[in-house]
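The structure appears right after this line, and notes come after that.
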Amino acid sequence: MARSVLGIIGGSGIYDLPMDSARWEKIESPWGEPSDALRRGEIDGLPVVFLPRHGRGHVYAPSTINYRANIDCLKRAGVTDVISLSAVGSLKEDLVPGTFVVVDQFIDRTFAREKSFFGTGCVGHVAFAHPVSPDLAALVAKILKEQDIRHAVGGTYVVMEGPQFSTLAESNLHRSWGASVIGMTNMPEAKLAREAELCYATVAMVTDFDAWHPTHDAVDVAQVMATMKGNIGLAKRFVLALAKAFPREHPTCPIGSDRALEFAIMTAPEKRDAELVKKLAAVAGRVL
């Protein structure tokens, strides 16, 4: 088995992590500029790579994040497993602000983002019925329980384009679908992680109720920021505990997240675009 390297993608408000021997490292990607340099270090001897999704200082809006470069850089850094930390709104009464949700499904409503590493000249199709690696999610849930962090296991995350929040009609529509939370950043991130054969799980941190809730209009920015600040402290505590418990050798994913490209490439070798294949070196070099 390969040595585990834990990747952490930090969402709103999470721009750094406490690690041993930590240093910022810029990694070049053929897919363009990532959100920021990578923060590399160790937690209890486990190699950890941290990437602030919006960049330090929250530079990038959800639609302008270069998700392909972000995932490509994590892959180049040797990451085997990715935990995505994301601020979200709640679509359910029982998922109150301050709850961490270990989601297991997504509904992708984004439309202005590059969603695949593959395309004309090298076509690839990966299975995505189960977008979250179950063993990784189970470990996340176990650590949240041990840390006595309010959480829910399972649920669907609606990913909207943004940057505006939902209308009341949209919020009620999402609730009618049975979705649990709504945010703007986990797509195409999760899809690209699957194409890069990275195990992926999301910790969706509820900051407020979405527009459907009768008290939504009474919630001001100060309240949301206060909840977010509390979530950030809990998230850092969670990551430290997770790293200490994380398997030092990367186990085989039961749904094949780490082997997603095994039979995914459709384009015949003699028809593949050489420049695109070159760009895919980190993501798909194992099968190309």
Does any residue in the range 133-149 that is acidic (D, E) come within less than 9 Å, Cβ to Cβ, of a residue that is assigned to a helix (DSSP H, G or I) six or more places away or on a different chain, and which pairs are these? E146/A241; E146/A245
Condition test on V287, is it under 30 Å from M1 (Cα atoms), outside any strand (DSSP E or B) and at pLDDT 95 or above? yes
When you go through (1) touching a strand residue (DSSP E or B) at 6+ places or on another chain (Cβ under 9 Å); (2) at positive phi; (3) not β-branched (V, I, T) one by one for G55, which number turns out not to apply? (1)
Residues that are assigned to a strand (DSSP E or B), modelled with pLDDT of 95 or more and not hydrophobic (A, V, I, L, M, F, W, C): does the range 94-102 have at least one? no
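Got at least one residue in the range 176-185 being part of a helix (DSSP H, G or I) and within 24 Å of L91 (Cβ to Cβ)?
yes
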State all residues of the range 56-66 that are part of a helix (DSSP H, G or I) and small (G, A, S); if no residue qualifies, say none. S63
List the number of the failed condition for V283; all other conditions in (1) in contact with an Asp or Glu (Cβ under 7 Å, 6 or more places away or on another chain); (2) closer than 19 Å to P131 by Cα; (3) exposed (fewer than 15 other Cβ atoms within 10 Å of the Cβ) hold. (3)
Quick one: which residue in A204, A127, A179, A193 is surrounded by fewer than 15 Cβ atoms within 10 Å (Cβ to Cβ) and closer than 27 Å to N66 by Cβ? A127
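When you scan the range 67-96, how many residues do you find that are of a type outside the set (S, T, Y), over 15 Å from the mean Cα position of the chain (by Cα) and surrounded by 20 or more Cβ atoms within 10 Å (Cβ to Cβ)?
Residues flagged as of a type outside the set (S, T, Y), over 15 Å from the mean Cα position of the chain (by Cα) and surrounded by 20 or more Cβ atoms within 10 Å (Cβ to Cβ) within the range 67-96 amount to 4.
Matching residues to (1) modelled with pLDDT of 95 or more; (2) of a type outside the set (G, A, S); (3) in contact with a Ser or Thr (Cβ under 9 Å, 6 or more places away or on another chain):
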| site | (1), (2), (3) |
| --- | --- |
| A137 | yes, no, yes |
| Q164 | no, yes, no |
| G178 | yes, no, yes |
| I182 | yes, yes, yes |
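State all residues of the range 139-154 that are assigned to a loop (DSSP other than H, G, I, E, B) and exposed (fewer than 15 other Cβ atoms within 10 Å of the Cβ); if no residue qualifies, say none.
Taking the range 139-154 and keeping what is assigned to a loop (DSSP other than H, G, I, E, B), we get 147-150, 154.
Passing the criteria: D148, R150, G154.
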So, in the range 223-279, of the ones that are of a type in the set (K, R), loosely packed, with under 13 Cβ neighbours inside 10 Å and under 27 Å from T99 (Cα atoms), which residue ends up modelled with the highest pLDDT? K244
Could you please tell me which pairs satisfy a Cβ distance under 9 Å, a separation of 6+ or placement on different chains, a first residue in the range 31-45 that is closer than 21 Å to L280 by Cα and touching a residue at least 24 places away in the same chain (Cβ under 8 Å), and a second residue that is hydrophobic (A, V, I, L, M, F, W, C) and surrounded by fewer than 18 Cβ atoms within 10 Å (Cβ to Cβ)? S35/V59; L38/W24; L38/A77
I182 vs. criteria closer than 15 Å to I83 by Cβ and in contact (Cβ under 8 Å) with a residue 60 or more places away in the chain: no
Could you tell me how many of the residues in the range 67-93 are among the polar types (S, T, N, Q) and assigned to a strand (DSSP E or B)? 3
Does K92 satisfy the criteria of being touching a residue at least 60 places away in the same chain (Cβ under 8 Å) and closer than 17 Å to R68 by Cβ? no
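The values are calculated or read from the model by the stated rules, or taken from the named source; none is laboratory data. Remember, predicted model here, so these are calculated numbers, not experimental data. Glycine gets a Cβ as well: all are built from the backbone with ideal geometry, and neighbour counts include every protein chain shown.
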